[in-house]
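Okay, structure first, notes after.
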Amino acid sequence: FGCHSDNHVDLFQTKKLLRAIAKKYLPPVISSRSKKGFGLPLKKWFDYELKELVYDQVQQDELSLWISKKQRLELLKQHYERNINHTRTLFKLMMLSQWIKNYV
């Protein structure tokens, strides 16, 4: 924002300052390795622990402005009864539902 540091921003190296600090305390095999993704077990959560929340969020009437309830119910049916993995789409619908509640 107000200040720019050559130690922090580099188009060709991520987290430059953090990596410089890490090199002091960690072996090169850790401090120099490439970034790793961080995955969440959404499918497992949606199928078990969060199943009721998924149903509640995806069935919200506010979503009908964008996606018909019939389509959303079919998506839930396919996911839970036919074992078709719609986790990513269900997650997006849940986020849209929350956005609508908070900002519309």
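The values are calculated or read from the model by the stated rules, or taken from the named source; none is laboratory data. Just so you know, these numbers come straight off a predicted model, no measurement behind them. Positions of Cβ are generated from backbone atoms using ideal geometry, with glycine treated the same way; all protein chains shown enter the neighbour counts. For the accessible areas, the whole protein counts, side chains as well, though only heavy atoms, and no ligand, DNA or RNA atoms are used. Shrake-Rupley method; radii C 1.70, N 1.55, O 1.52, S 1.80 Å.
Miscellaneous remarks
- Extreme residue, nearest to residue 93 (Cα to Cα), among residues of segment 29-81 that are among the β-branched types (Val, Ile, Thr) and under 21 Å from the mean Cα position of the chain (by Cα): 58
- Total residues in segment 36-57, condition within 20 Å of residue 73 (Cβ to Cβ) and either without any contact (Cβ under 8 Å) to a residue 12 or more places away in the chain or out of contact with any Phe, Trp or Tyr (no Cβ under 8 Å at 6 or more places or on another chain) (or both): 7
- When segment 66-79 is filtered for residues that are touching a residue at least 12 places away in the same chain (Cβ under 8 Å) and either open to solvent by 60 Å² or more (accessible area, probe 1.4 Å) or on the phi > 0 side of the Ramachandran plot (or both), the ones remaining, listed by number, are 66, 73.
- Listing of helices (runs of 4 or more DSSP H) fully contained in segment 1-56 that carry 2 or more residues being at pLDDT 90 or above, open to solvent by 80 Å² or more (accessible area, probe 1.4 Å) and closer than 30 Å to residue 71 by Cα: 42-47
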